[in-house]
Amino acid sequence: MLPYATLLPLNRHAATSLSQQLTTGLIHLMQQGLLAARDPLPGTRTLARLLAVHRQTVVVAFDELEAQGWIEQRSCRAAVVSSRLPTVAPQPFQSEAARHIAPRAAFSYPKSRPAAAPRPAAPLPLTLSSTPDSRLAPLAALARKYRALCLQPARRHLLGYAGANGSLALRQQLAEHLRATRGLPAQPENVAITRGGTMSLFLLAQLLLQPGDAVVVGQRSYHGADRAFLVQGARLHRVGVDAQGLCIEELAALCKQQAVRLVYVTPHHHYPTTVTLSAERRVRLLQLATQHDFIILEDDYDFDFHYDGAPILPLASTDRTGRVLYMGSLSKVLAPAFRVGYIVAPADVVEELGHWQRRIDRQGDTVLEQGIAELFAEGEMGTHLKRARLAYHQRRDVFCQLLGEQLPAWFTFEAPTGGLAVWGRFADCVDLPEVARQCQRQGLGISDGKLYQTAVEASPFHVRLGFAALNSEELAQSIRILSQVLQHLYPG
Ligand SMILES: Cc1ncc(COP(=O)(O)O)c(C=O)c1O
C-alpha cells in the first residue's frame, strides 16, 4: 500500500474542506502515475484512520472522484482506479511541488524587455511621481454611486453586456465636457472609452500602423507610446524638442525624405520635458499633416492642469480635415487605478475601434463609467477639477521654491506652466541611480532617470519629479531627504 499519510498531506486550517483536499490529492496521485488504472484504493475506514479524518470525509471524496470518473466503486468491494484511465509513467512524487503552479512554462515564447525599473515591493511613504493626489478626488461620491448602481433594481440593466466603446452616458458627458473646456466639437459618436491612455495607444497603433511604417516622436517622448508603436513593427524617427516643443522644421525635412504615417505629440505639456508647443509650430504641424498626409496623434494626458494663463486649445480643436486623433485619460484626474481613458476621432475610426475593443475586452467597467458620467452630470467632476487645479498650482509653486532653495547646486529646472511634474537635470557629478537607491532607503521614491536617458547619453541625469500627489509638508520632507542624500554622497 502507498504511504498515504505522507502522500496526502491535509491542511486542517485551509479554507478548502478536507474532503476537497483529499479529492485533489488522490487525483494528483493518479495523474502522476502513482495510482494506475484498476489499482485498488484502501477502504474508507482504513484511509480515514491513516489520515486521521472522519470516515465520512473519505466517503465524500470517493463519491466525488466517482462522479468525476476517476474511480469505480462497487458495493462490497474496494474502490479501484477507473479502468478507463490511460497509463501514466510514474513520476517521482513531489508533494510540495504538486501544490504549486509550475515555476516555468514548458514552452518558449518571445519575451518582452521590461520598460521600467520594478516598483519597490511595498509602497514608499513619499513618492515624487507624476500622479495626482487621490485624496483630493471625489472618491466617496464615486463609491456611493458605484454601490447604488450595483444594488438598485432599476439599474440592473447596467450590469449586463453593453457597447464595446463604453457607456453611452459617459461618452455623452465627455463629449460635452470636451466641447465646453477645450473647444473640441465632439459628439458621443466621436468618443471611444478605453481602459486608459495605455490601451488607447495600443489600440490606435493596432488600427493604424503596419510593420515598417514611419512614426515620428520627440527625441525624448513618452516611453509607453514608443512601446505601443514598436510592438506594431513601426520604425521610430526621433526629432528634437526645444523650449517651444517638437522641432517642426526637422519634421518637415524628414517628410521630404520619406513617407511618414503618424506623428505622436503631447503639445500641451510635452512629455517628459513639460514645454508647450508654440502657436506657430502648431499651425505648421497641421499644414504639414495635410501636405504630407500623415496622422497626428495628440496625447493630451494632463490638459486639465495648466497654471499660467489659459490652457492652450488642443490641435484637435482646430482640425477639420480628419487627420488629428485626440486621446485623454482620467488617470491624472481621479487616480491611475480607475482605468478610464478616451479617444476622440471621426466616427468611422471610433466605430472601428469598437470592433477592436470587442475582440480584446468585450466592454469596460460600465458601472464605473456610469458612476463617473453621473459625477460629470451633477457637476462634481467640474468642482473637483477646479479644486485640484488650485491645489496643484500651489504645490507646483511650493515645490519649485524648495528645489530652488535647497538643491541649487545639484538640480537645474524651469518651473512648468502646467502638469504634475517638474523636468530637470542633476549636475554631472550626480550618480542618479545611486541617489534614487539611497532615497528609497529613506522612504522616498524618485525616478532613477533611466526612462528618460537618450541613446547618446552615457548615464541618466534628467528626471521628472512629480509634485501633485503630496501636500506642502510632504513635499518639504521629500526635498529634505533628497538634499540629505545628495549632501551625504557629495559632501563639500
Ligand atoms: C504622456 C502619457 N500618455 C499616456 C499615459 C497613460 O496613462 P494611463 O494609461 O494611466 O491612462 C501617461 C501616463 O503617465 C502619460 O504620461
Buried (at least 17 other Cβ atoms within 10 Å of the Cβ) and either modelled with pLDDT of 90 or more or over 30 Å from Leu451 (Cα atoms) (or both): does that describe Ala102?
-> no
Scan of segment 368-425 for residues that are over 21 Å from Phe303 (Cβ atoms), crowded, with 17+ Cβ neighbours inside 10 Å and of a type in the set (Val, Ile, Thr), ordered by number | Val398
Do we find that Ala337 is part of a loop (DSSP other than H, G, I, E, B) and surrounded by fewer than 23 Cβ atoms within 10 Å (Cβ to Cβ) in this structure?
-> yes
Could you please find all residues in segment 115-145 being more than 16 Å from the ligand (Cβ to nearest atom), open to solvent by less than 80 Å² (accessible area, probe 1.4 Å) and not in a loop (DSSP other than H, G, I, E, B)?
-> Leu126, Leu136, Leu139, Ala140, Ala141, Leu142, Ala143, Lys145
Considering only residues of segment 311-332 that are open to solvent by 50 Å² or more (accessible area, probe 1.4 Å) and within 13 Å of Gly183 (Cα to Cα), which is farthest from the ligand (Cβ to nearest atom)?
-> Arg320
From Ser221, Ser200, residue being within 16 Å of the ligand (Cβ to nearest atom), assigned to a loop (DSSP other than H, G, I, E, B) and of a type in the set (S, T, N, Q) = Ser221
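Rundown of residues vs (1) in contact with a Phe, Trp or Tyr (Cβ under 8 Å, 6 or more places away or on another chain); (2) among the aromatic types (Phe, Trp, Tyr); (3) under 22 Å from Phe413 (Cα atoms); (4) part of a helix (DSSP H, G or I), yes/no style:
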| site | (1), (2), (3), (4) |
| --- | --- |
| Pro267 | no, no, yes, no |
| Tyr271 | yes, yes, yes, no |
| Thr276 | no, no, yes, no |
| Glu280 | no, no, no, yes |
| Ala289 | no, no, no, yes |
| Glu298 | yes, no, no, no |
| Tyr301 | yes, yes, yes, no |
| Ala310 | no, no, no, no |
| Leu313 | no, no, no, no |
Among the candidates Ala180, Ala137, Ala141, which residue alone is closer than 20 Å to Glu378 by Cα and over 25 Å from the mean Cα position of the chain (by Cα)?
-> Ala180
Within segment 340-367, of all residues that are part of a loop (DSSP other than H, G, I, E, B) and out of contact with any Leu (no Cβ under 8 Å at 6 or more places or on another chain), the one nearest to His292 (Cα to Cα) is Pro346
For segment 267-306, enumerate the residues that are open to solvent by less than 10 Å² (accessible area, probe 1.4 Å) and more than 26 Å from Leu330 (Cβ to Cβ).
-> Leu285, Leu288, Ala289, Phe294
Within segment 222-266, residues over 23 Å from Thr417 (Cα atoms), open to solvent by 20 Å² or more (accessible area, probe 1.4 Å) and β-branched (Val, Ile, Thr) come out as Val231
Looking at Gly341, Gly309, which is the one that is over 28 Å from Leu368 (Cβ atoms) and in contact (Cβ under 8 Å) with a residue 60 or more places away in the chain?
-> Gly309
Determine if segment 250-260 includes at least one residue that is within 16 Å of the ligand (Cβ to nearest atom), under 25 Å from Val456 (Cβ atoms) and under 30 Å from the mean Cα position of the chain (by Cα).
-> no
For segment 11-23, does any single residue satisfy the condition of being part of a loop (DSSP other than H, G, I, E, B) and within 22 Å of Thr87 (Cβ to Cβ)?
-> no
Looking at segment 394-492, what strands (runs of 3 or more DSSP E) fall wholly within it and have at least 3 residues that are in contact with a Ser or Thr (Cβ under 6 Å, 6 or more places away or on another chain), on the phi > 0 side of the Ramachandran plot and aliphatic (A, V, I, L, M)?
-> none
Identify, please: which residue in segment 167-197 is touching a Ser or Thr at 6+ places or on another chain (Cβ under 9 Å) and part of a loop (DSSP other than H, G, I, E, B) and is, among those, nearest to the ligand (Cβ to nearest atom)?
-> Gly196
Please list, ordered by first then second residue, the pairs with beta carbon atoms under 9 Å, 6 or more apart or interchain, first in segment 31-52 and part of a strand (DSSP E or B), second surrounded by fewer than 18 Cβ atoms within 10 Å (Cβ to Cβ) and β-branched (Val, Ile, Thr).
-> Pro40/Val80
Of all residues in segment 461-482, which are within 21 Å of Gln394 (Cβ to Cβ), touching a residue at least 24 places away in the same chain (Cβ under 8 Å) and of a type outside the set (A, V, I, L, M, F, W, C)?
-> Arg464, Gly466, Asn471, Ser472, Glu474, Gln477, Ser478, Arg480
Scanning segment 433-492 for residues that are under 20 Å from Pro114 (Cα atoms) and of a type in the set (S, T, N, Q) gives Ser447, Gln453, Thr454, Ser459
Output the residues belonging to segment 443-485 that are at pLDDT below 95 and open to solvent by 50 Å² or more (accessible area, probe 1.4 Å).
-> Lys450, Leu451, Gln453, Ala455, Val456, Ala458
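The values are calculated or read from the model by the stated rules, or taken from the named source; none is laboratory data. What you are looking at is a predicted structure, and each value in this text was computed from that prediction instead of being measured. We place every Cβ from the backbone using ideal geometry, glycine too, and count neighbours over all the protein chains shown. Accessible surface is based on the protein model in full, side chains and every heavy atom, while ligands, DNA and RNA are left aside. Shrake-Rupley method; radii C 1.70, N 1.55, O 1.52, S 1.80 Å.
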